Structure formats: C-alpha cells, structure tokens
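One structure below.
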Amino acid sequence: MKAMKCLFLSCILLSYRTCTAEILEVPGRYAAIQDAILAAADSDTVIVSPGTYRENIDSRGKSLTLRSTDPSDPSIVASTVIDGGQAGPVITLNEVASATIAGLTIRSGYSQSERGAGIVCLNSNATITGNIIEGNRCAVQGGAISCTYSAAIISGNRITANEAPSAAGIFLMKSAADVSANTIADNTSAGGMTAIMAADSSGNIHGNTIAGNESGETGGLPPLGLLDCSFDVAENVITQNNGGGVYVSCSTYSRTAIVRSNAIVNNFGVFAKGLYLVGPKGSAFIIGNTIVGNESSHNSAIKCRESNPVIAGNVVVGNRSESGAAVLRAHKSNVCLVGNTFCANMSRPDVSVIRFEGGYSSVVNCVFRGNKREDIKVEPYLGDEGKATVSHSIARATSPGGGLIFGPGNIDADPLFVDPGHWDDAGTPSDPSDDTFIPGDYHLLPGSPCIDAGTNDVDNPDTPEVETLAATDISGLPRVIDGDLDGTATVDIGAYEHLPGDVNYDGKVNVLDLLIVRNSLGRDPASSNDARKADVNADGAVNVEDLLAVRGELKMKN
C-alpha cells in the first residue's frame, strides 16, 4: 500500500513538471548556459544574467526560451554576451519545434559550412528577436543567421560586422521567414547579397534598415537577394551599400516576388544599383519604390535580364551611370512600365535613358524629364525583333523607329512638379565626378499637364500576363482621382496622383489647406512654390475662388 502511494505521488509530480514551465537562471543556478539547457525541459525558460559566457550552445532539440534578464533594455542586451570563441556556431537549433532567442549579444561564431556562424536553425521553428548579432564569420553562407528547412521570425535585431562569401547577414534555404524591423549594417561579403540571401523560400521582409554593407572591392550583387522565392519586400530602407539594392531571380512559374514601398537610396558599385531582375519564369512586381541617387559603372537604377516584371508607380530620380542606360536596361525582357516618374538621371551623353534589347515592352503613364538623354532605344538581340510602345507619357520621340512605337497621348511639356530635384555641381561644372543630387518633391502642381492625362487602360496585348494598374500612388492615395474636376476620373501621368484641394500635399483635404490658401491670398503664383500650390484652380491668381474650391472639396470629402 505504501509503495502504491509513492508511485501515485511520483506520477503527480511528473505530471506537474511536464505541465509547468520552469525558469532556469544562469549563473545563479547553473554556471553555464549549456548546463541549464541540459537540465531544461520543453517550454522552460533559461534566463541569463549580464556577463560574458564563452560557449557554443546546442539546444539538444528542446523547445525553450533563451533570453537575457530584460530583452527590452539595450544596456542589458549589450552586456549579456555569448561568445563563440571562433570554435563553432554560437547557438545551434536542430529539430526544435519552437524556440525563442531574445535580448542577447551573440558574437565570435565560426562555421566552415553553409549552416551559419551566429545562430543556426535546421529543421526548426524559431523566434529571434531583439538581439545583437555581431562579428561572426562563416566560410560559405550565413554569417549571422542561417535557416534551412525552418520557419523563423527574425525581428528587431542589430546584425552587424559579420562576414561570409555571401549572405554575411541572414541566409534562408527552403524556409519560411518573417524578417522585420532589423538593422543589417556593415557586414562584408566577397561577391554580393551581403545582408539577406534567400533561396527557394517565402515570407515577408518588412521595415528593415540595410545600410553600409560591403560587397567586395568592386561591388558585386545587391545586398538583398531572392532566388526562386515568393517574398513580399516592403518598406525597407536600403542605402549606402556597395553592391546595390535588390536582386530577384526566378526560374519557376510558382514563385512571385513583390518589391514595394522601399527606399533604395545612394547605393553604388558595378551592376544595376537599384534593382536587378533575372529569370524567364515567375513574376516580379516592382511597385511604389523610391530609387534615388544610386551610382554604377554600368546601369544605375534598374536592370532586367530575361524577365517579365511589372514596374509601376516608382520614383526613379537622380541616379548616375558611367555607361549603360541611366534608368533601365532590359535584355530579352518583356517589361510593363506604368505610372513611373523618371527624372534627372545621368549617363554618358550618347546613352539612352531606357534601353530595350529584344523583348516586347510597354511604357504607359510615365514621366521622362531632365535626364541626360530622354530617348528610349529598342535594339533587336540575337534575331529577336524587339518592340516597345510608349503612350500617355511625358516623353520625347527623339529616336523613333527600330521597334519603338510612339502611341497616343504622349506630351512634350513641363510636368510642373512641386520641386524638381537637381544636381549640385559643387562649383565645378566641368567636373561631373563631384556632382551630388539634391532630391525634390515630385507631386504635381495645380495645372500640371499630367493631371488626368494618363489612361486607365494599360493593357499590352503582347504581354497580357503582366498588366496592372496600381490601386494607389506612391504616397498611398487612390490611383485614379478626378484631378481636374471635369466629372471623369482618369489616372495622372507619373507616380503621384493629384488630389484637388490638398494644398500641403499631406494626402487629405482639411482646414490646414484652407489656412494656407488664406495666407497666400493676393500673391502672384509665380513668386513662390507655396503660392503656386495655393492657386488651386490654376487660373494664375490666388483669390477667393481658390478658397471656395478647397472648401468645396472639404465638404465633399466629409
């Protein structure tokens, strides 16, 4: 009877232990992190106090949380260090159903394989959040984080000073990942894809800062690379990288990459420094991005090779190339350009702003203005006929023929931007090498010839699979607004849609707009941009009629 009672009590204790997560403290209860993990069970939490722990951690297949005492305190995170001592990966998660790594500094890992050096996820599900991952080195791919056959949430980390031949930051292989709100900076790779490289994977890459990454001495491929992936890449800041912006390659029809609302600014190197699109299959949608101030020895903004992208609603300005097209070079590609603003881009005087080499492309509702050359060139390539149709755009037919067709609705006129950007020659007009681009504001002033001058029908019969008219403009306004108030809503030319009565261009009509017009009453619209914006009806005077126009729009919107 006594033995039965002991057995019964043991079962109760075992059941309680398996249902109640335990907290294991280091070094309070265990001297080493690995000792705590060996003692832990699934769902337990290992809490590490500030200090430097020279270890290489293996989760041993356990689903647990490994964190600092306060992952939300930057000073705690910086002072809670796991140092791999270049003896192997710092943390390895293998066959783990669920794990969380939070609020730690993870450094000095090393790997000779493609499985990463900082944190390795293999057949595991992991949340990696709020860490500093620095100074790790991998001989193949994945300097900071590597995920293979895994699902990962990678958010709020600072990933810096890691090294690998490629993917010095994050490497994803056959994985699903949500990569968001990370700072991925100052990492080094020999050939490119320095920050994030994903292959045969899917998920989201949102709100990251990718800056100052170094891709070899000459600048190889861009720091963010997607190979046969389905990712939504949105609202990232990609700047000052040697290697460029985003690389997308698709060889299968089942994959779709969406690159939207990113700022790709001031990158430099050899190839296309904004976007590089490769692959005859799959789809890429390039929507609402700001591509500004990138420099290249070949193609500064966008390059397409054997691809079929939709490029819609982007502002592509102030990019510079030593050779090749200043805005777009499309090689054996079918490109659909819709509602973009291409301005103040520079290349050699004898190089076109856009160069189509074979393929069947269309250009609709786009603005070309202030570029080194405005002409669009179409060339046959290896027997391909090649054709590009340009319609309803601010464009000049400087070299028609040769597969270039200027359709209806094209205009050669000043688009009347609020503040067009310009190049500052630093006082040396004869030396373009020291010129810098001063960004402007590409909203449309009242009376712009772009307002309601586009076409809502962007179909191209040669490439019916890639047509689209974006739902919103680059600032988030509905893409089709009745901008000239004639009763018919027609899309504007360029990346911005004009909202009548929105005098301060904040995307809404309200009392602030009325105040701006009131303060400009009687001023000559030609005297300043503020007065030009206040001339709501574009009649050449700021008067009570403009006040009434704003008030009328205000009533309609409310």
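The values are calculated or read from the model by the stated rules, or taken from the named source; none is laboratory data. Since we're looking at a predicted model, the values are computed, not measured. FYI the Cβ positions are ideal-geometry reconstructions off the backbone, even for glycines, and counts take in every protein chain you see.
Observations
- Sole exception among (1) at pLDDT below 90; (2) surrounded by fewer than 18 Cβ atoms within 10 Å (Cβ to Cβ); (3) in contact with a strand residue (DSSP E or B) (Cβ under 9 Å, 6 or more places away or on another chain); (4) over 29 Å from VAL265 (Cβ atoms) for ASP435, by number: (4)
- Residue pairs meeting the criteria (Cβ under 9 Å; at least 6 apart or on separate chains; first assigned by TED's automatic domain parsing to the domain that holds THR129 and touching a residue at least 60 places away in the same chain (Cβ under 8 Å), in segment 52-73; second among the aromatic types (Phe, Trp, Tyr) and in a loop (DSSP other than H, G, I, E, B)): none
- Residue that is surrounded by the most Cβ atoms within 10 Å (Cβ to Cβ), among those in segment 472-498 that are closer than 15 Å to VAL418 by Cβ and either among the hydroxyl-bearing types (Ser, Thr, Tyr) or free of Cβ contacts under 8 Å to residues at least 24 places away in the same chain (or both): TYR496
- Filter pass, LEU521 being loosely packed, with under 15 Cβ neighbours inside 10 Å and in the same structural domain as ARG551 (by TED's automatic domain parsing): yes
- Only one of ASN314, ASN319 that is surrounded by 24 or more Cβ atoms within 10 Å (Cβ to Cβ), over 23 Å from ALA199 (Cα atoms), over 14 Å from the mean Cα position of the chain (by Cα) and not basic (Lys, Arg): ASN319
- Any hit, segment 425-438, residues being out of contact with any Pro (no Cβ under 8 Å at 6 or more places or on another chain), in a helix (DSSP H, G or I) and either under 29 Å from THR389 (Cβ atoms) or charged (D, E, K, R) (or both): yes
- Segment 227-244, subset outside any strand (DSSP E or B) and out of contact with any Gly (no Cβ under 7 Å at 6 or more places or on another chain), residue nearest to LEU172 (Cα to Cα): CYS229
- Of all residues making up segment 238-281, the number that are modelled with pLDDT under 85 and out of contact with any strand residue (DSSP E or B) (no Cβ under 6 Å at 6 or more places or on another chain): 8
- Flag if SER352 is within 26 Å of TRP423 (Cβ to Cβ) and in a loop (DSSP other than H, G, I, E, B): yes
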